[in-house]
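One structure below.
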Amino acid sequence: MTEITTCLPLKPSVSDRTVHTNLSSSCLRAACPDLAFRCDGDAANAHAIVILAHGAGAGMDSDFLTTLSKALAARGLFVVSFEFAYMVKRRLSGNKRPPAPKPILLANWAAVLECTVQCSSLPVVVAGKSMGGRIGSELLASASLSPLVRSRVAGCMCYGYPFHPPAKQEQLRTEHLAESRWPERIPLKIVQGTRDPFGKPDEVANYSLAKEISIAWLESGDHDFVPLRRSGFEQRDLIQRAADLSIAFIEAHLCDGTLTLPRTLMR
């Protein structure tokens with residue numbers, strides 16, 4: 001059985017729900033001056049916001065994140081991409097800095113999430129590439145979020161989750177993804193290449209993950225979703241597929257009638 005996802009634009013709901021959003025790069029920068037932001041999509045007509053964080057080594061202007069952000073926006077989502085403070089400093093100084101300590105990364109993520117919730121009544125999806133997704137998911141699993149912010153998070157998406165460092169399978173980064181730690185109400189979708197050195201199918205199959213967590217595998221993709229040449233696909237094809245999977249995930253978990261999303265055909 002092959003799943004074919006036909007992507008349609010998001011359409012306004014027949015619901016009489018009033019949506020309020022003042023989100024923009026300028027208002028986000030005013031609230032979080034140490035960070036950098038880029039917004040893609042039409043905030044006035046979107047029905048959900050995706051906050052997208054970058055990985056450890058490349059900022060929000062990487063080819064991967066730019067392509068993914070625009071693909072999500074083209075499907076009717078409003079995408080807020082941001083850079084952690086250490087990446088902003090790296091860009092300004094020209095010196096390659098390692099990622100900041102985890103507490104600082106968590107604080108950066110929390111500030112963006114808090115500002116987004118305060119500026120908009122739309123549902124929010126926490127998302128990120130590699131480290132960005134890992135830190136976002138750890139924030140959701142922590143006890144630090146206010147009840148208001150937690151109630152507005154509709155889900156989490158991780159693109160290329162770093163289950164462990166390459167060739168160091170014993171150094172797992174999955175403690176917060178266990179049934180006992182992961183928040184029951186928040187679904188998590190991980191989109192992973194089958195050749196990803198940070199976690200391959202045969203490895204991940206042995207991990208004990210919460211029931212709210214599902215994984216979609218992109219055949220022959222590496223950590224950046226670059227496939228083998230013999231596959232006949234290119235990186236942009238796998239990123240577009242990741243965007244399709246993201247839309248299907250949001251459709252499945254925002255079942256309040258406010259979204260008109262892809263038709264999924266089975267044959």
Report task. Take the residues in the stretch 234-251 that are of a type in the set (A, V, I, L, M, F, W, C) and either touching a helix residue (DSSP H, G or I) at 6+ places or on another chain (Cβ under 6 Å) or without any contact (Cβ under 8 Å) to a residue 24 or more places away in the chain (or both), then tell me which one is farthest from Ser220 (Cα to Cα). Result -> Ala243
Query raised in the report: Filtering the stretch 109-153 down to residues that are of a type in the set (Val, Ile, Thr) and assigned to a helix (DSSP H, G or I), which residue is surrounded by the most Cβ atoms within 10 Å (Cβ to Cβ)?
Result: Thr116
Query raised in the report: Residue check: is Pro187 surrounded by fewer than 18 Cβ atoms within 10 Å (Cβ to Cβ), touching a residue at least 12 places away in the same chain (Cβ under 8 Å), in contact with a His (Cβ under 9 Å, 6 or more places away or on another chain) and farther than 22 Å from Met60 by Cα?
Result: no
Requested in this report: Report the residue count in the stretch 42-91 for those that are farther than 14 Å from Ser25 by Cβ and either aromatic (Phe, Trp, Tyr) or not in a loop (DSSP other than H, G, I, E, B) (or both).
Outcome: 19
Requested in this report: For Val191, indicate whether it is among the β-branched types (Val, Ile, Thr), over 21 Å from Leu77 (Cα atoms) and not in a helix (DSSP H, G or I).
Outcome: no
Report task. Please find, within the stretch 223-245, the residue that is surrounded by the fewest Cβ atoms within 10 Å (Cβ to Cβ) out of those that are among the aliphatic types (A, V, I, L, M) and outside any loop (DSSP other than H, G, I, E, B). Result -> Leu245
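Readers should treat all values here as calculations from the given coordinates under stated rules, not as data from a laboratory. All figures in this text were calculated on a predicted structure; none of them were measured in a lab. Cβ sites come from the backbone with ideal geometry, for glycine too, and all protein chains shown count toward neighbours.
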